[in-house]
1. Only one residue in Leu44, Leu23, Leu28, Leu65 is of a type in the set (A, V, I, L, M), closer than 21 Å to Pro101 by Cα and open to solvent by less than 20 Å² (accessible area, probe 1.4 Å), so which one is that?
2. On the basis of being modelled with pLDDT of 95 or more, touching a helix residue (DSSP H, G or I) at 6+ places or on another chain (Cβ under 7 Å), of a type outside the set (Gly, Ala, Ser) and assigned to a loop (DSSP other than H, G, I, E, B), does Asp87 make the cut?
3. Output the number of residues of the stretch 322-341 satisfying the condition of being in contact (Cβ under 8 Å) with a residue 24 or more places away in the chain and polar (S, T, N, Q).
4. Checking the conditions here, which among Ile184, Ile196 is open to solvent by less than 20 Å² (accessible area, probe 1.4 Å) and closer than 17 Å to Val225 by Cβ?
5. Which condition breaks for Trp72 when tested against (1) within 18 Å of Ile224 (Cβ to Cβ); (2) touching a helix residue (DSSP H, G or I) at 6+ places or on another chain (Cβ under 8 Å)?
6. Find the helices (runs of 4 or more DSSP H) located wholly in the stretch 124-236 whose residues include 2 or more that are free of Cβ contacts under 8 Å to residues at least 12 places away in the same chain, and list them.
7. I'd like to check something: does the stretch 9-16 contain any residue that is modelled with pLDDT under 95, more than 23 Å from Ala226 (Cβ to Cβ) and among the basic types (Lys, Arg)?
8. I need every pair where a residue in the stretch 58-74 that is without any contact (Cβ under 8 Å) to a residue 24 or more places away in the chain has its Cβ under 6 Å from the Cβ of a residue that is part of a helix (DSSP H, G or I) and open to solvent by less than 90 Å² (accessible area, probe 1.4 Å), sequence separation at least 6 or different chains.
Amino acid sequence: MQDREIVYKMAFSFLNKMNASLLRQIDLKKISPEEFFTIPTKELIVRLGIRQEHEFDKIAREEALTKAQKEWQQIKDHNIKPLFLLDEDYPGKLAEIYDAPLILYKLGDADLDSEHMVSVVGTRKPTPYGLDFCNKIVEEISEYFDDAVVVSGLAYGIDAAAHKKALEKGIQTVAVVAHGLNMIYPAANRGLAKDIIKSGGALLSEYPFGTTPFKPNFLARNRIVAGLSDTTIIVESNIKGGAMSTANYAFMYNRDVMALPGRSSDDLSSGCNLLIRKNKAHLIECAADLIEITGWQPLNLAVNSQHRNLFPELQGDNKRIYEILKYASHPVQMDQIVHQTGIPASKLLALLSELEFDGIIMRHPGNRYSIS
């Protein structure tokens, strides 16, 4: 990609009136980045078909180009790569969200399109209970999925613990920060950030070089943490904790949300318990729960025997029924099971009742069944 083309793309992020939705409209109307920043304002407005109050005048576009040119020179000197929303190298899962960053700055080599992206976030002041779970869940994920990428926010507490355990277990980890990539906040995690880069992970930010930490940026950053991943795990948070915003973003994006339950008397479990109670998050106690909820197929199907048996040792007709329901995307009607297995309805009903009694399957209204 030529420098000139990169600058035009980066310039979109310096326009106050620009957002992901409008950028996609520009692309649909076959207006290239270079055309957008060079054609006369009136022509641009006509081609975009937008109202006058959303006009991108010449001065605004020229100022954006100037800022983008300066930004490109700075990040190029520091090996920071800009990822443009409409390009193929932009993270696919993140591109799906309606408020995706127009430009994502990346320092490092992590695979942002891994099949198993997991965000692990939580309080900055965790209890031993929370830290133990954080270390355990990351370790178990690394054992079942060697391509797993652990995403977090490089903050104190759970974030840092998740990054460190991922490094220890040899899987990639990605830190999404709320400032420019010329610095690290908090400063105490500079060494951790360097280790993330050295290990093949990455630091990500939507903020230009030189942007300093600003409270609202941390909340906005959380949508990237949620948007990058298939699933978000909340490890200890009070009701007003920052991790709750990450959970809400993930829920809004229709991603799996999981939360570690705790005692009702523990303030740092109040947020997680609320998410579970409001059906915004699944309860999670181990990686077996994650596997069941996501439907991911681990490398080693012999899931730790200390965990719930996600893969029952069924035989004959019971196994055939289980396999059909296991791979179904929604509850399956009894008539469909009869059709697919050839098992007579009278016999099938007895088998389904037995499996339901054992807690292996669940019955839904209308004689529909799914895995429990």
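1. Leu23
2. no
3. 2
4. Exactly one residue qualifies, and that residue is Ile196.
5. Result: Trp72 passes all but (1).
6. So the answer is 128-144, 190-198, 215-228.
7. No - not one qualifying residue is present in the stretch 9-16.
8. Close Cβ pairs (under 6 Å, with a partner that is part of a helix (DSSP H, G or I) and open to solvent by less than 90 Å² (accessible area, probe 1.4 Å)) amount to Lys58/Thr41.
The values are calculated or read from the model by the stated rules, or taken from the named source; none is laboratory data. What you are looking at is a predicted structure, and each value in this text was computed from that prediction instead of being measured. Cβ coordinates were reconstructed from backbone atoms using ideal geometry, including for glycine residues, and neighbour counts include every protein chain displayed. Side chains included, ligands, DNA and RNA excluded: accessible areas come from the protein's heavy atoms. Shrake-Rupley method; radii C 1.70, N 1.55, O 1.52, S 1.80 Å.
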